[in-house]
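Trainee: Before I ask anything, let me first share the structure, which is written out below as structure tokens.
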Amino acid sequence: MMRRPQGFRYVFRVAHTMTSSIDKLYEEADRLYYDNKLDKAAVLYKKILEEDPEHQAALHSLGIIHYDEDDYGPAVEYMLKALAQDPEDIYVHSNLGKSLYGMVHMGQKKTAKRIARQWAEDYPDNRIALHMAAAVTGDEVPDRANDDYVAQTFDEFADTFDSKLEELSYKAPELLGEALTRHVNASDLRILDAGCGTGLCGPYLRPLARKLEGIDLSEEMLALAKKRKLYDRLDKAELTEALQTRSKRYDVAVAADVLCYFGDLSAIFGAMASSLRPGGLFAFTLETHGKAKDYDLGISGRYTHSAKYVHKSLAGAGFDLIEGEQGQLRTEYAVPVTGLVIVARKGD
Ligand SMILES: C[S@@+](CC[C@H](N)C(=O)[O-])C[C@H]1O[C@@H](n2cnc3c(N)ncnc32)[C@H](O)[C@@H]1O
């Protein structure tokens, strides 16, 4: 059985000019695709292209099939052709980024970098392209992942997020929950789940909370968090901005696997500090690297940080470190990923 890539969603874009025979072929191809008969589906998508070489949905679909088969070079080619037909299609941009990531994994880093540079040059206004291209090339690394990239990535990922993270033995919510119970002995706190996603931290935070609030940029992730019925309030917002308007509101703020979407930590740590009451706790996880640089953007689009930089940034924002252990946060390609599990207290 061929796998369907993580967070991959296909949108139908049926061209108005489509003839009814192409229409029927497309419907049939798509049915085969969803039945996992990828080879047969590919034959039909190609047949459509013989009649209409600019058929955007068929180009995109063939790109997806090659991606599904870990055949990243052709996947990239088809995605680029699909983009030429519809430069605004954010799903194709997102899938092109994933295909370039695949190319790097297969050892084709140089080619992937060359294509990514051209992609950023051709679509300078597309913020998904800019973040993913920076991740592949290492050029012009932004201070943090932009809002469009984060929202698109997690809107696509939402449906499969919980099951995928279970497969990856994701432990950040549990580790943060345990760390907090070592420092908190109360059940009437006002708690923020910053970057709450689908609400995996909710079950660990609810018993400590009088009010449990969540903020996230992804509407689809928030919709799933809402279904848990654990949160008193959920807002779609960018964290740094939202926290600046919530002065001294929280006793505890938690960010599980969220700061990997921030490179420079000064603004987000400053905003966190301003939203906490004096003595309030900030608990978070981070993936670290042993490099000399403060932060680095990996090809996956996520940042890693040096432990020294994290400590310096916490102190700079007025936090005292009260716990900073290494923990096994998840696995990647079956290899354990360790990172920091930190609890810091806002100074009085
Ligand atoms: C890997 S998920 C983790 C979700 C949740 N904390 C958990 O442990 O399951 C990262 C979440 O952070 C959110 N996020 C990243 N950057 C953000 C920002 N600047 N503002 C708000 N949410 C952000 C994403 O939308 C995503 O839902």
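Trainee: From the list THR240, THR304, exactly one residue is within 9 Å of the ligand (Cβ to nearest atom), closer than 30 Å to VAL104 by Cβ and not aliphatic (A, V, I, L, M). Which is it?
Mentor: THR240
Trainee: Quick one: in region 337-348, which of the residues that are of a type outside the set (A, V, I, L, M) and open to solvent by 20 Å² or more (accessible area, probe 1.4 Å) is farthest from GLN152 (Cα to Cα)?
Mentor: Out of the qualifying residues, it is ASP348.
Trainee: Restricting attention to region 156-187, which residues are of a type in the set (Lys, Arg) and open to solvent by 70 Å² or more (accessible area, probe 1.4 Å)?
Mentor: Filtering region 156-187 down to residues of a type in the set (Lys, Arg) leaves 164, 171, 182.
Selection gives LYS171, ARG182.
Trainee: Could I ask something else about it? Can you tell me which condition LYS227 does not meet? The list is (1) closer than 20 Å to GLY318 by Cβ; (2) within 22 Å of the chain's Cα centre (by Cα); (3) open to solvent by 20 Å² or more (accessible area, probe 1.4 Å), and all the others hold.
Mentor: Only one criterion in (1) closer than 20 Å to GLY318 by Cβ; (2) within 22 Å of the chain's Cα centre (by Cα); (3) open to solvent by 20 Å² or more (accessible area, probe 1.4 Å) is unmet by LYS227, namely (1).
Trainee: Taking the criterion of being within 16 Å of the ligand (Cβ to nearest atom) and under 30 Å from LEU239 (Cβ atoms), would at least one residue in region 110-123 satisfy it?
Mentor: Looking through region 110-123, none of the residues is within 16 Å of the ligand (Cβ to nearest atom) and under 30 Å from LEU239 (Cβ atoms).
Trainee: For region 171-225, enumerate the residues that are under 21 Å from GLY324 (Cα atoms) and of a type in the set (Lys, Arg).
Mentor: Answer for region 171-225, where residues must be under 21 Å from GLY324 (Cα atoms) and of a type in the set (Lys, Arg): LYS171, ARG182.
Trainee: Now, a different point. Pull up region 233-289, narrow it to residues that are without any contact (Cβ under 8 Å) to a residue 40 or more places away in the chain and among the small types (Gly, Ala, Ser), then point me to the one that is farthest from GLY318 (Cα to Cα).
Mentor: Per the stated criteria, the residue is ALA237.
Trainee: Then there is this: Would you check if LEU200 is closer than 26 Å to ALA267 by Cβ, away from the ligand (no atom under 13 Å from the Cβ) and either surrounded by fewer than 24 Cβ atoms within 10 Å (Cβ to Cβ) or without any contact (Cβ under 8 Å) to a residue 12 or more places away in the chain (or both)?
Mentor: So LEU200 does not fit the description; no.
Trainee: If you scan region 137-148, which residues turn out to be touching a strand residue (DSSP E or B) at 6+ places or on another chain (Cβ under 7 Å) and within 12 Å of the ligand (Cβ to nearest atom)?
Mentor: ARG144
Trainee: When THR153 is evaluated against the numbered criteria (1) surrounded by 15 or more Cβ atoms within 10 Å (Cβ to Cβ); (2) in the same structural domain as VAL335 (by TED's automatic domain parsing), which criterion, by number, is the only one it fails?
Mentor: Status for THR153: all satisfied but (2).
Trainee: Identify all residues within region 127-141 that are open to solvent by less than 40 Å² (accessible area, probe 1.4 Å) and of a type outside the set (Ser, Thr, Tyr); write none if there are none.
Mentor: Listed by number, the residues that qualify are ILE128, ALA129, HIS131, MET132, ALA133, ALA134, ALA135, VAL136.
Trainee: Given the residues ALA134, ALA151, ALA129, which is the only one that is within 9 Å of the ligand (Cβ to nearest atom) and more than 25 Å from VAL341 (Cβ to Cβ)?
Mentor: ALA151
Trainee: Moving on to the next point. So if I check each of GLU325, GLU332, which one is within 19 Å of the chain's Cα centre (by Cα) and closer than 23 Å to PRO173 by Cβ?
Mentor: GLU332
Trainee: Which of the residues that make up region 224-237 are in a loop (DSSP other than H, G, I, E, B) and either of a type in the set (Ser, Thr, Tyr) or near the ligand (Cβ under 9 Å from one of its atoms) (or both)?
Mentor: TYR231, ALA237
Trainee: Looking only at strands (runs of 3 or more DSSP E) that fall completely inside region 243-336, which ones have 1 or more residues that are acidic (Asp, Glu) and surrounded by 15 or more Cβ atoms within 10 Å (Cβ to Cβ)? Steps first, answer last, please.
Mentor: Details: elements: 250-255, 276-286, 295-297, 303-305, 319-332.
Ranges flagged: 250-255, 295-297, 319-332.
Trainee: Which of the residues spanning region 211-223 are part of a strand (DSSP E or B) and open to solvent by less than 30 Å² (accessible area, probe 1.4 Å)?
Mentor: LEU212, GLU213, GLY214, ILE215, ASP216
Trainee: Does region 243-262 include one or more residues that are at positive phi and within 12 Å of the ligand (Cβ to nearest atom)?
Mentor: yes
The values are calculated or read from the model by the stated rules, or taken from the named source; none is laboratory data. Model, not experiment: these values are computed from the prediction. Note that we place each Cβ from the backbone using ideal geometry, even for glycine, and neighbour counts take in every protein chain shown. Side chains are part of the model used for accessible areas, which takes the heavy atoms of the whole protein and leaves out ligands, DNA and RNA. Shrake-Rupley method; radii C 1.70, N 1.55, O 1.52, S 1.80 Å.
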